[in-house]
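Here is the structure we will look at.
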Amino acid sequence: MTGQPEWKIEQPPVEDMMFPVRCMHCHGVYSLTHVQVTGRFTDCSVWTAPCCGMRGIDDRPWVRDRHYQEISREEATSGGDYYDIFGMRHRGGGR
């Protein structure tokens, strides 16, 4: 197979993202509208993170905080500090 892996979905510019989130695994920023869904269940959808390839990301409220954090467009474009699920402050952002 040549080229990018199939989970590596091209993301729109940060300022055009409809639902930007920060990946809690690699701290990249991606849009929930641009992911490869790998499964749909009665209580959630499951996908692979397009920034780092982490599998099994899902949108159940009690699970999602360890996989991604919803952020504003301003926060996504600023690349500013962010807080992880344990409340620890980290410098800079990234994509």
* If you check residue 40 against the conditions, is it surrounded by fewer than 14 Cβ atoms within 10 Å (Cβ to Cβ), modelled with pLDDT of 90 or more and over 14 Å from residue 26 (Cβ atoms)? -> yes
* How many residues are free of Cβ contacts under 8 Å to residues at least 40 places away in the same chain and of a type in the set (D, E, K, R) if we restrict to segment 18-54? -> 2
* Would you be able to tell me the number of residues in segment 1-36 that are outside any loop (DSSP other than H, G, I, E, B) and either under 13 Å from the mean Cα position of the chain (by Cα) or aromatic (Phe, Trp, Tyr) (or both)? => 9
* For residue 69, work out the one condition from (1) surrounded by 16 or more Cβ atoms within 10 Å (Cβ to Cβ); (2) within 17 Å of residue 8 (Cβ to Cβ); (3) at pLDDT below 90 it doesn't fulfil. => (2)
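The values are calculated or read from the model by the stated rules, or taken from the named source; none is laboratory data. Keep in mind it's a predicted model, so treat the numbers as computed, not measured. Glycine also receives a Cβ, built like all others from the backbone with ideal geometry; neighbour counts cover every protein chain displayed.
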